[in-house]
1. Restricting the search to the stretch 495-554, which residues are of a type in the set (Asp, Glu), open to solvent by 60 Å² or more (accessible area, probe 1.4 Å) and part of a loop (DSSP other than H, G, I, E, B)?
2. Answer yes if at least one residue in the stretch 335-358 is open to solvent by 20 Å² or more (accessible area, probe 1.4 Å) and closer than 15 Å to Phe194 by Cβ, and no otherwise.
3. Given the residues Gln468, Gln499, which is the only one that is touching a Ser or Thr at 6+ places or on another chain (Cβ under 8 Å) and over 25 Å from Glu405 (Cα atoms)?
4. Count, please, the residues in the stretch 281-319 that happen to be under 23 Å from Gly192 (Cβ atoms) and surrounded by fewer than 18 Cβ atoms within 10 Å (Cβ to Cβ).
5. Within the stretch 225-246, how many residues turn out to be surrounded by 20 or more Cβ atoms within 10 Å (Cβ to Cβ) and either modelled with pLDDT under 90 or among the charged types (D, E, K, R) (or both)?
6. Hey, among the residues in the stretch 432-447 that are outside any strand (DSSP E or B) and closer than 21 Å to Arg394 by Cβ, which one's least open to solvent (accessible area, probe 1.4 Å)?
7. Output the residues belonging to the stretch 216-255 that are more than 14 Å from Thr193 (Cα to Cα), in a strand (DSSP E or B) and hydrophobic (A, V, I, L, M, F, W, C).
8. Please go through the stretch 200-222 and pick out each residue that is farther than 22 Å from Val268 by Cβ, of a type outside the set (Gly, Ala, Ser) and within 21 Å of the chain's Cα centre (by Cα).
Amino acid sequence: MRRKQVLAGLGVAVLLGVGAWMLLRPEPVSRPAPPSPPVLTRVEDAGVPDVTPGVETVEDAGLWLTATLEGAHPFEGEARVGAAFISDSDRGWWEEEGRLRFARTGPARLEDLAHVREWVEAPVTGSVVGPVAVPSAPRYQVMAFAPDGTVWWGDEVPATQPVTGRVDLGVVKAHPPTGVRVRLEGARDLPGTFFVRMQRGVDPEHAEEASRLLPVLALAAPKLMHAFENDTPVPLSKDEETRLAPLPPDRSLRLWLRAPSGKQSEPVDVPLREGFVEPVTLDVARLFPEGVGGTVTLRGRVVLGDGTRPLGTAVFRQGDGGEELPLTPDGRFTIEDVPAWKDTRFTVRREVGEEQGRPLGPLWWDFDFTPTAETRGTVDVVWRMPVYRWLVLRMDGFTRAQLRERSEPPYPVYLLERRDAQGAWSLVPTREFHPEEDGLAVSLVEPGTYRVRVASSPYASRPSSVAQVGEGSADTEVRLSAEDGLLSACEVQVTREGQPVDGAVVIASGSSPSLPPVRAETDSTGRWRMGAVNSDAVPLRVLGAGNEWEGDGAEACRRSGVVEVRL
């Protein structure tokens, strides 16, 4: 009996001890959950992304991107990662192509249309990029570049678009720099800086593959790639090699050597080897067999006419794309480094506003500098902007009213004609047609025999009287008389299967390309009344009832006054 009591007491003591231990034990430490399995889908490079910074991306802390940069040494440089998305317009185009059942053009798959909207700087530890938080996307890309011009480019399209876990782009291949090392021969004793222009020699079979590296090359060598893609000359050193790398791994590179005078050599094609920076020697004597050309300094003045009237504020520009530089208030200028081996065009533009009425002279004028074999050093020149003479067309009130009645905008149109030594008339350009109360003033810059042709339509025009304009003439008058009413009218009749076509579009021109065509529509009877016609040619184009017709209506207008068009 006593033994049972002892055993019962021991059992109670054990239970109390266990309970006390459970109450007093420390809280268990939770173990980290195992990481999500990485996404390891492999794909080939799939296109060149659009680099469009500043587009907001949606951060998703549950998805991380990593990559390993190929290389024997720890990476030194910068890396970027990007999530590529498909725009609604690209997706719509893709779906429409599929619905039409046509053979697809362009990319082989929808994901190839995905473009990176924002490149994010990524940390690199050793040779491992990331992990970097990225949003869920159909495609991911990574780029990196080192100071020596080596670049890395990776592209990944997961089998299924991930939402959480890890996107591992695996080992990203290194691309050693491709390019040239240019050495100048025979330039050391020549003054000034030589430049070189570059152009890609692309192999069509490998163009897309080479172009994939363009975004990362733009980051690795921004100044060089800007010059390369924008055809900007790059300065060359005379004393040591100039390294032009990294460049796209193309088949070849085309170079043009440019001398300090601006003279440019014939192109030199240099074969490229991917991953190598090839040595290239440019021999100045061989590329410029007639010499590199010299330059001169132009020193002179721009005057208006004989110089008795002020030119006003003005600027000048050398060539088509040159910078505009101001002239002094009295029109003087100094222009250095003007090529002495070719003609150079300069444009002078007056910035002063003209008083009300006729302008005194043109607001801009071109001048050509033509050097000779003896042109050296500093050249003194005087450039004269012309002062306008005026051919004034006079019309009485009845003639002006008649012209308005027979014209529709943009008509009437005025053209200036000049007679040559053989007596033939031809159109000549002019800067000003200045309307006046009873006519029109037309600007002239040189003497001659002139008249004004007045057109009420592209196929109806008539000349004014003729005037001889001399050297000292200020105003010379010509007159336009009223039409005598003998011009025959013409119309276009459009039918289809014997029925008139309402609303057919008629486009009519004349014999002069300087006169704009007119456009009209047929009425309910299928007719369009053209009005008077006296042109030797009346090209017509008619569109209606789903058909089109083209022809010349001049003969029909002369014969019957009706151009019959059957669609």
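1. Glu497, Asp502, Asp536 - these are the residues of the stretch 495-554 that are of a type in the set (Asp, Glu), open to solvent by 60 Å² or more (accessible area, probe 1.4 Å) and part of a loop (DSSP other than H, G, I, E, B).
2. Yes: one or more hits.
3. On inspection, the qualifying residue turns out to be Gln468.
4. 12
5. 1
6. Here the residue is Pro447.
7. Of everything in the stretch 216-255, those that are more than 14 Å from Thr193 (Cα to Cα), in a strand (DSSP E or B) and hydrophobic (A, V, I, L, M, F, W, C) turn out to be Leu244, Leu253, Leu255.
8. If the condition is that a residue be farther than 22 Å from Val268 by Cβ, of a type outside the set (Gly, Ala, Ser) and within 21 Å of the chain's Cα centre (by Cα), then Leu214, Pro215, Pro222 are the ones that fit.
The values are calculated or read from the model by the stated rules, or taken from the named source; none is laboratory data. If you're wondering where the values come from, they're calculated on a predicted model, not measured in any experiment. Note that each Cβ is placed from the backbone with ideal geometry, even for glycine, and that neighbours are counted across all protein chains shown. Accessible surface areas use protein heavy atoms only, side chains included; no ligands, DNA or RNA. Shrake-Rupley method; radii C 1.70, N 1.55, O 1.52, S 1.80 Å.
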